[in-house]
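Visitor: Just passing along the structure, written as structure tokens.
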Amino acid sequence: FHAELEEYCKDGSTIWTDVKATCIDNKEGNFLEIVGITRDVTIQHQLREELRISEERYRLLAENARDVIWTMELDGNISYVSPSIQLLRGFTPEEAMQQTLQEILTPESQQLSQSYFLQLHADLQAGQVTQPFRGELEYYCRDGSTIWTEVLALPTFDRQGQFQKLLGVSRDISERKSYEQQLTAVNQQLQALATTDALTGIWNRRHLETIIQQAMGHSDRYGEALSLIIVDVDYFKHINDHFGHPVGDQVLIAFSQRIRKQLRSSDGFGRWGGEEFLILLDHTDAQKARALAGNLRQVIAGRPFSVAGTVTASFGVAQRREQESFVDWLQRVDNCLYAAKKAGRNCVVGD
């Protein structure tokens, strides 16, 4: 006989005992007595009962929570997923547990997850303290869409300190992520409004001044060549007076587009005011800047504009001198532009 029995005590309480008993026979095989051992296992019984209640409590939470609770083995296999996975991704727990990492996470999230696992393996092998995973992961859903989650995963260990599994919680943050994306889009729109010219879509004067100051600081530190080109549309008042302001606006838009196509992505280009435009050229000396200005002059004058016909422009060019202030540098560029206009317009003058 072997069983756990609950026995009464003298004070009216009870204890749990582990009872083992066996029959003793004589030589002839006849029953003599029962010999038994009773061992107090009250503490062990209480611990098991507390563990059972705890497991039932956590399973109840896991199976009814909206957050997805899961466990993952060290080899990356999922050993448990709570039923809420079906609300989150559209898959049953059984289906989700059979999926590979590539079927569960988008590429960027896969990389983030794999990086954590590599670090976890390294920490375990080195006997170092393991860290939990905290991050945002993007999951694939059954319908082909994706959903963003906030994930917390904790390494768990047994009493001997051996790694058991990862215990994780994934929370749906798709609504918050949507608000963040909307906020980012609004901020980008505000940034665009603050830095671009409303008519032409290129940089406005304020932003151009900021970029120039930054470029000057970089030039001062590293001694790199920096040049400015100022461009003015010739006889623009005549275009407005003869064809009307809407046509004049179209000329400015097309004018800026032609110039933009000829510039490097690193070049600064903005509307300085009215029909004047400013071009900032880094890593460019005066000779190269004048050559670019000459090419731009031909691009502008070489093809008629819609309605307005042939339009020309005058160019002033100057390379920044060592430690020269922006005011002095700009004045020299302006002087060159004035000289170009005085020389008959549709030409380039450099300092």
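The values are calculated or read from the model by the stated rules, or taken from the named source; none is laboratory data. Quick caveat, the model's predicted, so the values are computed rather than measured. We place every Cβ from the backbone using ideal geometry, glycine too, and count neighbours over all the protein chains shown. These accessible areas exclude ligands, DNA and RNA; they are computed on the full protein's heavy atoms, side chains included. Shrake-Rupley method; radii C 1.70, N 1.55, O 1.52, S 1.80 Å.
Visitor: Looking at the stretch 42-181, what % of the alpha carbon pairs are farther apart than 26 Å?
Guide: Values: 2893 of 9730 pairs.
Summing the P(r) tail past 26 Å for the stretch 42-181 gives 30 percent.
Visitor: Considering all alpha-carbon pairs of the stretch 253-347, what whole percent are spaced by more than 19 angstrom?
Guide: In whole percent, the share of Cα-Cα pairs in the stretch 253-347 beyond 19 Å is 41.
Visitor: While we're on this one: Counting only Cα atoms, I'd like the Rg/Rh figure for the stretch 112-162, Kirkwood definition for Rh.
Guide: Using only Cα positions, Rg/Rh for the stretch 112-162 is 1.11.
Visitor: Additional query: Measure nothing fancy, just the Cα-based angle from helix 107-126's long axis to the longest principal axis of the chain, in degrees from 0 to 90, nearest 10.
Guide: 50
Visitor: GNM, the chain, Cα, under 10 Å: largest mean-square fluctuation among Ile211, Ile24, Ile253?
Guide: Per the Cα network of the chain with a 10 Å cutoff, Ile24 tops the list.
Visitor: For the stretch 132-141, take each phi angle, set θ = phi - 60°, evaluate the Karplus expression 6.51 cos²θ - 1.76 cosθ + 1.60, and give the result in whole Hz per residue in order, putting x for glycine and proline.
Guide: Each residue's phi maps through the Karplus curve to give x, 9, 10, x, 10, 10, 9, 9, 7, 10 Hz.
Visitor: Please list 3J(HN,Hα) in residue order for the stretch 332-338, calculated via the Karplus relation 6.51 cos²θ - 1.76 cosθ + 1.60 where θ = phi - 60°; whole Hz, with x for glycine and proline.
Guide: 5, 5, 4, 4, 5, 5, 4
Visitor: Another question, if that's okay. Could you do me a favour and compute the accessible area per residue for the stretch 202-351, 1.4 Å probe, result in Å²?
Guide: Working: 7470 Å² over 150 residues.
Accessible area per residue: 50 Å².
Visitor: Turning to a different aspect of this structure: I want the local charge near Arg303. Using Cβ-Cβ distances under 13 Å, sum +1 for each Lys or Arg and -1 for each Asp or Glu among the other residues.
Guide: With Lys, Arg at +1 and Asp, Glu at -1, the net is +3.
Visitor: How about the stretch 1-48: which chymotrypsin sites (Phe, Trp or Tyr not before Pro) there lie in a loop by DSSP and see at most 14 other Cβ atoms within 10 Å?
Guide: Those satisfying the criteria are Phe1.
Visitor: Separate question: Count charges around Arg264 for me, please; just the other residues with Cβ under 14 Å from its Cβ, Lys/Arg as +1, Asp/Glu as -1. Write down the numbers at each step before the final one.
Guide: Working: positive: Arg260, Lys261, Lys288; negative: Asp267, Asp282.
Spelling it out: positives minus negatives among the neighbours equals +1.
Visitor: Most mobile of Asp232, Asp75, Asp197 per a Gaussian network model of the chain (Cα springs, under 10 Å)?
Guide: Taking springs between Cα atoms under 10 Å, the residue moving most is Asp75.
Visitor: Taking the Cα centre of the chain as the origin, how large is its charge dipole in debye, to the nearest 20, when only Lys and Arg (+1) and Asp and Glu (-1) carry charge on their Cβ atoms?
Guide: Here the chain has a charge dipole of around 2500 debye.
Visitor: On to the next question. For the chain, what does the helix formula give at 222 nm: sum of -39500 (n - 2.57) over DSSP H segments with n ≥ 4, over the residue count, nearest 500 deg cm²/dmol?
Guide: -14500 deg cm²/dmol
Visitor: Further, regarding this structure: Where a ≥ b ≥ c are the square roots of the eigenvalues of the C-alpha gyration tensor, would you call the stretch 154-235 rounded, which needs a/c under 1.5, or, failing that, prolate if a/b is larger than b/c, or oblate?
Guide: Oblate shape, in that a/c is at least 1.5 and b/c is the bigger or equal ratio.
Visitor: Here is a follow-up. Within the chain, what whole-number % of the accessible surface is contributed by carbon and sulfur, with the 1.4 Å probe and all protein chains included in the calculation?
Guide: Working: 11040 of 21430 Å².
After summing per-atom areas, the C and S share lands at 52 percent.
Visitor: Does anyone have the angle between helix 174-195 and the longest principal axis of the chain? Alpha-carbon axes, 0 to 90°, nearest 10?
Guide: 20
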